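Step one of this worksheet: look at the structure below.
Values in this text are rule-based calculations from the coordinates and carry no lab data. Owing to the predicted nature of the structure, the values given are computational and were not obtained by experimental measurement. Please note: Cβ atoms are built from the backbone with ideal geometry, for glycine as well, and neighbour counts cover all protein chains shown.
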Amino acid sequence: MGDSIALGPLLLPLQAVLLVLATALALGLLSLLPEAPGAPRKRAESRLFRVLATGVIGARLGWVGLNWQAYAATPGAVLAFRDGGYSPAIGLICAASVLIVSAVRAGASSRAGCIADRRAPLSADIQLARRQLLLPGAAALLLIVLGQAGLALRAAAEVQPLPRLTLQTLDGAAYAFPPAPGRPQVINLWASWCGPCRREMPAFARVQARRPDVDFIYLNIGERRDEIDAFLRSLQQPLVPVVLDIDAQLPAQIAVRGYPTTLFLDAAGRLQRVRSGELSEASLQALLPAPSTE
């Protein structure tokens, strides 16, 4: 379960892996195409990188634009690219637009290069210069579209009720997990040895203070009480409630691959989203449902 794969102690977002594969596909296809007169292959490579970079930036800015209220309070979070806030659809539109414009310009550059070399530009040369961009670029974007569809289907197939477990509170009392539904819930799986977990905790505490309509649960995985107490005392804002999964039962049953991992449940107790990796204050706020008006 989740949107990342584990590589040792590292969590690699599946969307980042998909982007790397798309880049490799584009460059591989480009290497198979003949070099167009007046349009060096290195120029095509730089244009393809520009297309993909524009897609990433567009996806980020699209996400921020769609969730501008969450980022308005902390504008610096716009640059927190590792918080996972991206809009793939907007990114694809931006990348496709730049790809088309770049292909048109590649044809014009090929024509100018041929004239500079004192040879008549041929229609085939111009079309080849355009294909150097359109074929690899379109293949890369298609791979991303299919990959995003696959990730969406995978996420839908993985939705399942959370297992019923008997865990413990900090004082040793039994805790029935998951808690009874009735309000949206955010369940954060963490450990004090996990650097990203430690970094995101203050952001969680601040958002929790602003959203009393959402139940936050901080589920520590596999640590002793003295380790947890030492970490909690170092925080400026308290985390409540902290629940202990001493034997790491939940990660084993729902295939959590790394920490931090955050589960988002609706008011009926249905798992809606799983986010692996560190969240910023703004991205966490953006993932919550609209505040209740009741």
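A few remarks follow.
- Expected 222 nm ellipticity per residue - DSSP helices of 4 or more, -39500 (n - 2.57), all of the chain, to 500: -17500 deg cm²/dmol
- Candidates V78, S102, S280 compared by Cα position along the dipole of the chain: farthest toward the positive end lies S102, with charges placed on Cβ.
- For the chain, the antiparallel share of DSSP beta bridges with both residues in that region comes to about 70%.
- DSSP H segments from the chain that extend 20 Å or more along their own axis, Cα-based, with Kyte-Doolittle mean of 0.5 or above: 14-32, 88-116, 123-158
- Ordering C94, C194 by the number of other Cβ atoms within 10 Å of each residue's own Cβ, fewest first, gives C194, C94.
- Radius of gyration (Cα atoms) of the chain, expressed as a multiple of 2.2 N^0.38 Å: 1.26.
- Debye-sum result for region 135-202 in log10 I(q)/I(0), which assumes one identical scatterer on each alpha carbon, at q = 0.15, 0.19, 0.27 Å⁻¹: -0.83, -1.00, -1.13
- All-pairs alpha carbon distance profile, region 147-294, 10 Å steps from 0, percent: 10, 43, 38, 9, 1
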